[in-house]
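Below you'll find the structure, written out as structure tokens, and then a few comments.
Just so it is clear, none of the values below were taken in a lab; they were calculated from the coordinates. All figures in this text were calculated on a predicted structure; none of them were measured in a lab. As a convention, Cβ positions derive from the backbone with ideal geometry for all residues, glycine included, and neighbour counts pool all protein chains shown.
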């Protein structure tokens, strides 16, 4: 599948496929699905800038595209995302196959751990800004807006994640930085909650899922 797409389309820089979440024993989760990603030949770069939809274990990269897009900066958690962005921003097309070609094992040491997720999100934020600066002279208005949207998404995630785990100072910092990018109901609610007494945080995790349904994203 991957090789055929690269052979047929010389302008495709990388191909990728779907991924199946499995448990510790390798058994697929019936009620857990990974986010959908574009299939076929495409250049949905704005969406890729905003959030990574390509899973590293599923990728096959054309060597010419890899050499053309490098060198790559060293990021602990987002080096793969940086590579996909660099390849696409150099003008290469992408190709998604419709079937799952790899498994993702869920276990206690995944990024769901609070401290690990914070480090990963901070790394994403640093990588996104470094990539924006690298290609700033060639970005279209659409891609510039996508970088801004990606930054806002990560800041919002850091704010809410910190809030859910009782890190009031960190939460307030992230929502403050978000306010410099975009002011909306979600940001205002998060910042307000971060100023409340710490005992309140015990109930925030329970409330958060319901709050997100009620808040209108402007």
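Please report the relative contact order for the range 2-105, taking Cα pairs under 8 Å with a sequence separation of at least 6, and give it as a percent rounded to a whole number. Across the range 2-105, relative contact order equals 48 percent.
Along its first, second and third principal axes, ordered by size, the range 2-105 spans 40, 32, 23 Å in Cα coordinates. Ordered by the count of other Cβ atoms within 10 Å of each Cβ, fewest first, 22, 59 give 22, 59. By DSSP, the beta bridges lying fully in the range 2-105 are antiparallel in about 40 percent of cases. Between the C-alpha center of the range 79-96 and that of the range 115-178 there is a gap of 19 Å.
Computed from the C-beta positions of residue 173 and residue 79, the FRET efficiency with R₀ = 30 Å rounds to 0.75.
Each of 142, 122 has some number of other Cβ atoms within 10 Å of its Cβ, and from fewest to most they run 142, 122.
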